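What follows is one structure encoded as structure tokens, with my remarks underneath.
The values are calculated or read from the model by the stated rules, or taken from the named source; none is laboratory data. Predicted, not measured: the structure shown is a model, and the values here were computed from it. As a convention, Cβ positions derive from the backbone with ideal geometry for all residues, glycine included, and neighbour counts pool all protein chains shown.
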Amino acid sequence: MDPTDTRARSSRRESSARWEEKLSEAEQRVQKELAEIVDYLDREVVPNVRRHSSRALRKVADKLHNLATYMDEHPPDKP
């Protein structure tokens with residue numbers, strides 16, 4: 001067997017091992033970042049959305065109540 005081929009294969013294996021290690025590290029960082037993002041969304045974003053959504057629903061309900069009152073007080077003209 002040619003020693004050059006053996007060195008080339010060994011070099012490819014080492015390069016492949018380094019690449020796999022870097023991918024593994026990147027995967028771990030991505031998983032950690034995603035967990036932090038989900039935690040942030042649960043802690044900060046969801047409660048604010050719920051709080052603001054309930055306020056908006058109350059405003060809409062108030063407007064609909066006012067509209068219903070107006071319609072009750074101003075029946076359509078009969079032809």
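So which of ALA26, ALA35 is among the hydrophobic types (A, V, I, L, M, F, W, C) and within 15 Å of the chain's Cα centre (by Cα)?
ALA35
Only residues in region 1-30 that are at pLDDT 90 or above and small (Gly, Ala, Ser) count as the first member; pair them with residues that are loosely packed, with under 10 Cβ neighbours inside 10 Å and assigned to a helix (DSSP H, G or I), Cβ under 6 angstrom, at least 6 apart or cross-chain, and list the lot.
Correct list of pairs: empty, since none qualify.
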